[in-house]
Every structure is written in structure tokens, then in C-alpha cells.
């Protein structure tokens, strides 16, 4: 059997609400397909890639934001959303690569834990290709990708009926001051960073996209079929 086929959906600059809506449509599509046996032409899911248009704070299944904190963050001009992903509070905004793989893990032979490890490996590989060989994944509770004590990529996923959603957020040229208003992922004493900060030059989401796609195909051992939008 050949490599799983994944639909690549480039969203460009997009609101977080739109990403969640599209993710939900793909979830329903995959959940409606019976059985686990791959058939010719059957897609194993979609890779949704975009860059948030505005500042958004999200809380995971473990919470992370009280009603008072949420009100304070909204007063800063940010959106605040509760999500079904794992983890605590984090930030999404312009200059960040947002990656939501909606995948049927049975077609990859992966469990949830190995899926998370694959996402970490994908982001580590992309950092290496970008010229940051010191990037690494750390054991729980430090899920994500780090450069020493600074997180450059946050990961939080959801899995139901073997189908994953949500994914990772990689800081390219993100305004890191937004993270100062929360305790990112509930990890006290750690910091955040970005590709731009580490490489001392402006690094855009568009610049890293080809390297990220290379790393994703390499890590997940899949083929990507590109389409501009969901049909």
C-alpha cells in the first residue's frame, strides 16, 4: 500500500474562527467514512495551514483562563476562545504558522502519543532546515519544540474516533509581547521565542512554508495533494 494521501489546504491570512469552522467540516467528512481499509483515491485527511489575522488567546481542555483573565485579555483587543484541544492557554496571532492536521490516524498506523511526537519531530526538522539545529522536543509537561528554555512551537491536539484535530503553532515573526499577558501553557519560569528573534532577521510564514511542507511529508511519510480551498 502506498503512502497516505493528505489534502493540503493553504488558507493564507485567515481568522481563527474560519480555521475552526473548516476543521469541523473535515472532521465530519472523515468521521462519516466507514471502515479503516484505505481505498484508491481515499484521502487520509487534510493539512490546514494558515496565519491568524488577529490576536487570539485559546484555552484547552485543562482550562488555563479564568473569566476575569478572559475579560482582561479581551480588553487588550484580543479574541478569547475555549477549544477542545489538550493543554492550557496559549496565543495565536499574525506572524505565526498555524497548522491543523485533520487526520485518520489508523491510515498512518499512529497512536495519539506518536502523532504528537511526529508533530514535534516535524517542527524540529523545520527549525533545523531553517538553520536552528539546537531545536528539540522535551518530555511532558513540556510538549512542543524548544530552544533551551524558550518555546518556539506550541502543540495541542484533540483526538476522537481515531481522528485528530488542532495541531501546532510555530512562531515565525510573532509579536511575542502578547505572551506576556498569560502563563503560556501553564509553564512558569519558561519563555517564548520566534524564528525572527533567534535568527536576528524578519522571517515570514510564507518563507518557512516550503520547508515546513518538506518536513511534514518526511515525518508523516505521506503525499500532499494541493488545493486552495475545501470543496
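For region 56-68, the criterion of being surrounded by fewer than 19 Cβ atoms within 10 Å (Cβ to Cβ), free of Cβ contacts under 8 Å to residues at least 60 places away in the same chain and within 24 Å of residue 226 (Cα to Cα) is met by no residue. A residue that is out of contact with any strand residue (DSSP E or B) (no Cβ under 6 Å at 6 or more places or on another chain), modelled with pLDDT of 95 or more and more than 28 Å from residue 226 (Cα to Cα) can be found somewhere in region 76-87. Scanning region 183-210 for residues that are in a helix (DSSP H, G or I) and modelled with pLDDT under 95 turns up 184, 185, 186. Applying the selection to region 124-147, what residues are out of contact with any strand residue (DSSP E or B) (no Cβ under 9 Å at 6 or more places or on another chain) and free of Cβ contacts under 8 Å to residues at least 60 places away in the same chain? Answer for region 124-147, where residues must be out of contact with any strand residue (DSSP E or B) (no Cβ under 9 Å at 6 or more places or on another chain) and free of Cβ contacts under 8 Å to residues at least 60 places away in the same chain: 128, 133, 139, 140, 141. The number of residues in region 163-205 that are on the phi > 0 side of the Ramachandran plot, surrounded by fewer than 17 Cβ atoms within 10 Å (Cβ to Cβ) and in contact (Cβ under 8 Å) with a residue 12 or more places away in the chain comes to 2. Identify, please: which residue in region 35-55 is in a loop (DSSP other than H, G, I, E, B) and surrounded by 13 or more Cβ atoms within 10 Å (Cβ to Cβ) and is, among those, modelled with the lowest pLDDT? Applying the filter and picking the extreme gives 38.
Considering (1) farther than 22 Å from residue 89 by Cβ; (2) outside any loop (DSSP other than H, G, I, E, B); (3) touching a helix residue (DSSP H, G or I) at 6+ places or on another chain (Cβ under 9 Å), the lone condition that residue 225 does not fulfil carries the number (3). Note on region 80-123: among residues that are over 18 Å from residue 60 (Cα atoms) and free of Cβ contacts under 8 Å to residues at least 24 places away in the same chain, the one that is surrounded by the most Cβ atoms within 10 Å (Cβ to Cβ) is 110.
Scanning region 1-34 for residues that are more than 21 Å from residue 223 (Cα to Cα) and part of a loop (DSSP other than H, G, I, E, B), we see that the one that is modelled with the highest pLDDT is 15.
In region 157-178, the count of residues that are in contact with a strand residue (DSSP E or B) (Cβ under 9 Å, 6 or more places away or on another chain), modelled with pLDDT of 95 or more, assigned to a helix (DSSP H, G or I) and farther than 23 Å from residue 21 by Cα is one or more.
The values are calculated or read from the model by the stated rules, or taken from the named source; none is laboratory data. Values in this document were obtained by computation on a predicted structure and should not be read as measured data. Please note: Cβ atoms are built from the backbone with ideal geometry, for glycine as well, and neighbour counts cover all protein chains shown.
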